[in-house]
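J.: Take a look at the following structure, please.
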Amino acid sequence: MAEAQRSCWIEEHDGQSVLFVGGAWRLSALRKLSQQLRAPHGVLLGVARQTAPAVIDGSGLHDIDTAAALLLLDALAEAGGDPATVALRHFDPRHGRVFEVVRGRFAETAVAPARHRLSALADIGKKASDLGTLLLGHVEFFGRTLVELSRLLLRPHTLRVHELFAQLGQVGVNAIPVVALVTFLIGVVMAYMLGLQAEKYGANIFVVDGVALGITREFSPLIVATIMAGRSGAAFTAQLGTMKLTEEIDAIRTLGLSAPQVLVVPRVLALVLTLPLLVFVGNVAGLAGAMVMSNLTLDITPQTFMERLHVALAPRHYVIGLGKSPVFALFIAIIGCRMGLSVSRDTRSIGINTTSTVVQGIVAVILLDAMFAVIFQELDL
Amino acid sequence: MNAQADAVIEVEGVVTRFGAQTVHDGLSLQVRRGELVALIGGSGSGKSVLLREILGLQRPTAGTVRLLGTDMWNASDDELAATRKRFGMMFQEGALFSSLDVAGNVATPLLEHTDTPAELLPRLVNLRLALAGLSADVGAKMPAQLSGGMKKRAALARALALEPEVLFLDEPTSGLDPITARAFDQLLAFLNKDLGLTVLMVTHDLDTLLSIARRVVVLGRGTVIADGTADAVMAVQDPWIQSYFSSRQTVSTATDPGRTAQADGA
């Protein structure tokens, strides 16, 4: 039955062109309906297009929903007809109501021109300016935190001891297993890789020199700081961001408490205090890993390893490694807290800021490490 | 037309337990096509849980739930997917996708489940927004930039995207000012009347009940304790129902016990 396939056609009646619609006009058939209405062979916008119909006949209509009614009006408007004045006839009252609902809102559905998108160059400029704003904000926050810390020196009783210890537990104690594991494996890998080279020259014992210097001065501080940037920095941002979202921070303010004092200072202190300790754990674990590997593959007994360690590892390398870590900690904690407090009031920005914290934290740690390397080089340390 | 064939939502003998706590104890409920039903009940009476069970989000401990003829807890994935395209749900806080703008939110179901021609899509999104009472320029906004009332309207627009036969709403007017809330009521009444949508909503709003709900179902003690027009429900002799419907009156006429005590002391 060809008639069943046809959803719309135009006939001339009494000098008027009448658009007949039939069958089920539903959202699910929108594409098919659109093709029948529009180009290239559609009844309204086809090649053999007539004058736009002024009457729509719905006697054959089984069903119509708002989406299909919109399509009909849209195509009619495109064909030069006037959706506001087109007359309906033989419509089922229910169908007519749906049609009128859409017709009443047709003007509101007009699509605004697409918004102007930034060109690549403007985009780069905007990103750069955003980065500048971000860094400026960090500097400001850094200053405010230092003020808060110095205030703490004058009035030690304002320290939130309970919160500080809670943070020390989360940031420090709970991180020991992962820090020990990772640095142990780094020690193993370093001893193995150095051993492969040293064995060729029969210089097995100098593996201890290389590992001792490498682990204590560079690898342990760098890797532990990176772990903490991912672990604690992200946690700070997520915690403070959630508190901001649930208006807890506003509540702290309205209760007359200082958000930096209650939230930021304990976190910064906790990380600054624990990172050197974790670096120490990392040193021990890394050297232990190297010792195990040397024993297995290089025939260096643990005793020989320890003796050589005493000779090869000058205390200054050890102190430099430990000394760098509070600075890393300060930067990680400040970035983490600031990104948490600058979360805007939607859930999405917590995710964005947390990711950003990890990236910024790691970049900051590596930049600082490079600066330290140059400074110590110049100082002949 | 028999009542069975006309039923859009059929809940039969639903039992829900959380540990030792029984929320529903053999609850049955039928909603017919074209009805506008309000579900009320005290906190903890399991209104939202029942809604989630009807939607297929939470499995009842026992009993059957049929939505548009599909047994929501024994149907195949294909049947469920087909049924899910036929109803819309507006969550209490909107549950808009925060990474998409409002237009993107409304377009998501259309893009996923229909082959709407690309040239018509923006217009169709705007029509959905207009039906929910939002102007087209709201489409470019992100959910975080919207006020509470606009969020609810945007969520309604998304729920209406696929021309649903049934519309579920969880507390549609909570957190809205009275003017916005009444406008929202009118919107729901219009969708129900003019577009023939079956509407089931959980609400606490007395004004909504009295103005637009043609049927009120009261949950309590694990089952339906009253079912009928607002007037009929109001006449039911039940302590909770009586205090619920008289709550507004009580607040305006009752004396504040704290103040009386103070006055006595002075």
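Bear in mind these aren't lab numbers, they're just calculated from the coordinates by the rules spelled out. Because the structure is a prediction, the values reported are computed rather than measured. Reconstructed Cβ throughout: ideal geometry from the backbone, glycine too, with neighbour counts over all protein chains shown.
J.: Given contacts defined as C-alpha pairs under 8 Å and at least six residues apart, what's the relative contact order of chain A, whole-number percent? Don't skip to the end; give the middle numbers.
T.: On the way: 503 pairs, mean separation 62.7, N = 381.
Relative contact order here is 16 percent.
J.: Excluding A:PHE372 itself, calculate the net charge of residues whose Cβ lies under 12 Å from the Cβ of A:PHE372, where each Lys or Arg counts +1 and each Asp or Glu counts -1.
T.: Neighbourhood net charge equals -1.
J.: Taking the alpha-carbon centroid of each part, what is the distance from segment B:183-246 to segment A:229-302 in angstrom?
T.: Cα centres, segment B:183-246 to segment A:229-302: 54 Å.
J.: If you take the charge dipole of segment A:145-378 about its Cα centre, with +1 on Lys and Arg Cβ and -1 on Asp and Glu Cβ, which of A:PHE305, A:GLN261, A:GLN377 is farthest toward its positive end?
T.: Ranked along the dipole, the leading option is A:GLN261.
J.: For the protein assembly as shown: lysine pairs with Cα atoms under 24 Å, gap of 8 or more or different chains, count?
T.: Taking the Cα cut-off of 24 Å, the pair count is 16.
J.: If I build a Gaussian network model for chain A, linking alpha-carbon pairs within less than 10 angstrom, which residue out of A:HIS317, A:HIS162, A:HIS116 has the largest mean-square fluctuation?
T.: The residue that fluctuates most here is A:HIS116.
J.: What is the distance, in nm, between label points placed 7 Å from the Cα along the Cα-to-Cβ direction at A:VAL374 and at A:LYS32?
T.: 7.0 nm
J.: Averaging sequence separations of C-alpha pairs under 8 Å and six or more residues apart, then dividing by the length of chain B, give the relative contact order as a whole percent. Walk me through the intermediate numbers first.
T.: Numbers: 449 pairs, mean separation 62.9, N = 266.
Reported as a whole number, the value is 24 percent.
J.: So what is the 222 nm mean residue ellipticity for chain A from helices alone, if each DSSP H run of at least 4 adds -39500 (n - 2.57) and you divide by all residues, rounding to the nearest 500 deg cm²/dmol? Before the final figure, lay out the partial values.
T.: Values: 15 runs with 244 residues, N = 381.
Theoretical 222 nm ellipticity from helices: -21500 deg cm²/dmol.
J.: Could you derive backbone 3J(HN,Hα) for segment B:84-95 from the dihedral phi with the Karplus parameters 6.51, -1.76 and 1.60 (θ = phi - 60°), listing whole Hz in sequence and x where the residue is Gly or Pro?
T.: Here the 3J(HN,Hα) series is 4, 6, 9, 10, x, 10, 10, 7, 4, 8, x, 6 Hz.
J.: Would you tally the net charge around A:HIS13, using a Cβ to Cβ cut-off of less than 15 Å, leaving A:HIS13 out, and scoring K and R as +1, D and E as -1? Working shown, then result.
T.: Values: positive: A:ARG89; negative: A:GLU11, A:GLU12, A:ASP14, A:ASP57.
It works out to a net charge of -3.
J.: Something else now. Want the number for A:LEU136 to A:VAL111: 0.36 nm per residue separation, take away the alpha-carbon distance, what's left? Spell out each step's value before the answer.
T.: Numbers: separation 25, 0.36 × 25 = 9.00 nm, distance 4.00 nm.
Extra length available between A:LEU136 and A:VAL111 comes to 5.0 nm.
J.: At a threshold of 8 angstrom on Cα-Cα distance, excluding pairs fewer than six apart, so keeping six or more, what relative contact order does segment A:235-369 reach in percent? Don't jump to the answer; show the numbers that get you there.
T.: Numbers: 110 pairs, mean separation 58.4, N = 135.
In percent, rounded to a whole number, it is 43.
J.: Summing Lys, Arg as +1 and Asp, Glu as -1, what charge do residues with Cβ under 12 Å from the Cβ of A:ALA166 carry, A:ALA166 excluded? Please list the in-between numbers first.
T.: Numbers: positive: A:ARG160, A:ARG267; negative: A:GLU163.
That works out to +1.
J.: With r as the distance between the Cβ atoms of B:ALA81 and A:ALA54 and R0 = 41 Å, compute the FRET efficiency 1/(1 + (r/R0)^6) and round to 0.05.
T.: Values: r = 42 Å, r/R0 = 1.04.
With a Förster radius of 41 Å, E is 0.45.
J.: Just to be sure I understand: of the beta bridges DSSP finds with both ends in chain A, what percent are antiparallel, rounded to 5?
T.: Details: 6 of 16 bridges.
Roughly 40 percent of the beta bridges in chain A run antiparallel, per DSSP.
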